[in-house]
Amino acid sequence: MTNATVEDAAQGANIDVPEHMAWDSRARRTITIYIPLSIFIVVLLFPFYWMAITSVKPDYEMYDYKKYNPFWVGSPTLDNIKKLLFDTDYPQWLITTMGIATAATFLSVFASVLAAYAIERLRFKGAQHVGLAIYLAYLVPPTILFIPLATMIFQFGLFDSPLALILTYPTTLVPFCTWLLIGYFKSIPYELEECALIDGASRLQILRRITLPLAVPGLISAGIFAFTLSWNEFIYALAFIQSTEKKTVPVAILTELVTGDVFQWGSLMAGSLLGSVPVAIIYSFFVEYYVSSMTGAVKE
Amino acid sequence: MANVSIRNVRKRFGSTEILHGVDVEIDDGEFVILVGPSGCGKSTLLRMIAGLENISSGEIAIGDRVVNNIAPKERDIAMVFQNYALYPHMTVRDNMAFSLSLTNASKAEIDEKVGRAAQILGLNPYLARYPRQLSGGQRQRVAMGRAIVRDPQVFLFDEPLSNLDAKLRVAMRAEIKELHQRLQTTTVYVTHDQIEAMTMADKIVVMNAGNVEQIGAPLDLYDKPNNLFVAGFIGSPAMNFVKGKVADGAFTAEDGTILPLPPSAAGQDGRPAVYGIRPEHFRLAGDGLPARITVLEPTGSETQVMAHFAGTPIIGAFRERIAAKPGETIRVSVDPMAAHVFDGATGQRIGA
């Protein structure tokens, strides 16, 4: 390698890597940055690792820690996954959950956009109080709400139908998304809307052509939140759905894969793992928007 | 194009009144600048013309139409904001075309109008760029282009140059003035910078604490300020004020220095008064009054002298190169024709 290429490489590296400060030693960086980060990574990823290895473990390895290393799989098997996919309604549960989560998310985000825009930008009398009330509604725990909601579900004849969940999930999702979007709309300069107002746009045109395009990161993070919460929701799904084939994944794997007092750990873990894959995929696609909405501010 | 009438306009936020009955007549095609210190209500007045603030009482008319209850988009105005308010998710072309696209204009018409505005402002190479890819001056131009495209009756500018660096500000000042001469559209422009006001305006409205202090052509305000506020606000460095009283056909400063009165202010004996003299109206004179120098600021074209004169700190601006050093005394004279006298109690101008 010639000197020139070494220099080029060094310059190239300089662009990506922040300059190494003279007061900063390798030991110091190891202790202040790398060790804490490694601990975080281990703590965060261990449950997934456990889930993954358990779902491919044969039963005899799972129950005998003396003979087999609990952190490793001696002879991996696909039996658990096969059983999950072909002996249960798992694919159907997955589709149901996906449909319910998607519908509830769109419903909630749509309602929240209108609510948040009205509260933050139309500034009607009492807007602030409404905003606060919506936030307080988010704090009411579902364990209190599910009994009155169940009564309503029965009266509307929605029991044991996906609509029961699609319509009840927004009770928690709308307040949260509204609150999140209020914060995001606030970060969009009001001057832009005033300018559009003078340019001749109506409120709805402003919302559609100015505010929403700028709020895409906010919409995406609201959407991800709503989707994840609907996906993982347990108590409503447990209370309002009865038929096996209409259950959502979290409820179904618990009620259908725990037979009596026998936990079918392999299939349970396989079900959880497969169930978390769609959420993980969505996250990985939108992670940049998600972070930018958390750190806020529209860049001009 | 249209004239704008502002008649006895008041603005209240809750119980605080921040505009106390403002009257301004703006003629068709005129370039009017509202100038004043922060918080004087000039931006609020502009926003009331734009329809972004309610009018608490009084009337604003554009052309023959009272616009108090007319929505901004019906007022046929265009506004340039301090932070430009460019739509960050649209290209320069789309930014300029936005208002036209709302009116269902044909694509050919939009292209033609945007093209013309881009031509005028030299924006053709940037039409496909996003605002974040432009420099401050270019963004400023896009904001103006967006206004031009609409071909409105009135242009409104809200401190458009305050985010630019000093050099660019001077260049844009000339550009805006040239644009106005070319388009001849009635323009209302808000700034806190009196130099901007002096250099650009056909007519200046000086505002202070919710009142109009004086309305007039730039040089009229400079030569004949109505009161102490206008005298102190217009001109840089600011006018020097010496307190004292009028006695025996002359002005006596508090420390006893006698200064010559302008003829129009004579015959007001015994009245407490403030004597105003602009920095450039001091003359070096061997037989003049003493001024003890505290700081010298040579700028090349002139030398500014901060000095102690007639019991007051003053600033003088001299074309001559000054050899004296701080602490030394120079002798200066005052031309009575260039001096101003104001009432000590009310601050109003005495004499014509």
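The values are calculated or read from the model by the stated rules, or taken from the named source; none is laboratory data. The model shown is predicted, which means the values in this text are computed figures rather than measured ones. Neighbour counts run over all protein chains shown; Cβ positions are idealised from the backbone, glycine included. Just so you know, the surface numbers come from the protein's heavy atoms only, side chains and all, with ligands and any DNA or RNA stripped out. Shrake-Rupley method; radii C 1.70, N 1.55, O 1.52, S 1.80 Å.
A few comments on the model shown:
- Residue pairs whose Cβ atoms lie under 7 Å apart, separated by 6 or more positions or on different chains, with the first residue in the range A:188-200 and more than 7 Å from every other protein chain (Cβ to nearest Cβ) and the second open to solvent by 40 Å² or more (accessible area, probe 1.4 Å) and at pLDDT 90 or above, do not occur.
- Residue within the range B:237-254 that is assigned to a helix (DSSP H, G or I) and touching a strand residue (DSSP E or B) at 6+ places or on another chain (Cβ under 6 Å) present: no
- Complete set of residues in the range A:259-300 that are open to solvent by less than 30 Å² (accessible area, probe 1.4 Å) and modelled with pLDDT of 85 or more: A:266, A:267, A:268, A:270, A:271, A:275
- Put simply, of B:43, B:56 the only residue that is more than 14 Å from chain A (Cβ to nearest Cβ), among the small types (Gly, Ala, Ser) and either on the phi < 0 side of the Ramachandran plot or without any contact (Cβ under 8 Å) to a residue 40 or more places away in the chain (or both) is B:56.
- Residue count for the range B:62-84, restricted to those that are away from every other protein chain (no Cβ under 13 Å) and touching a Leu at 6+ places or on another chain (Cβ under 7 Å): 0.
- Index of the failed condition, residue A:124 passing every other in (1) buried (at least 17 other Cβ atoms within 10 Å of the Cβ); (2) more than 18 Å from residue A:237 (Cβ to Cβ): (1)
- Only one of B:231, B:273 that is part of a strand (DSSP E or B), closer than 16 Å to residue B:334 by Cβ and either open to solvent by 20 Å² or more (accessible area, probe 1.4 Å) or not hydroxyl-bearing (Ser, Thr, Tyr) (or both): B:273
- When the range B:122-146 is filtered for residues that are more than 12 Å from chain A (Cβ to nearest Cβ) and under 19 Å from residue B:178 (Cβ atoms), the ones remaining, listed by number, are B:122, B:123, B:124, B:137, B:138, B:140, B:141, B:144, B:145.
- Here residue A:108 clears all of (1) away from chain B (no Cβ under 14 Å); (2) of a type in the set (Gly, Ala, Ser); (3) outside any helix (DSSP H, G or I) except the condition numbered (3).
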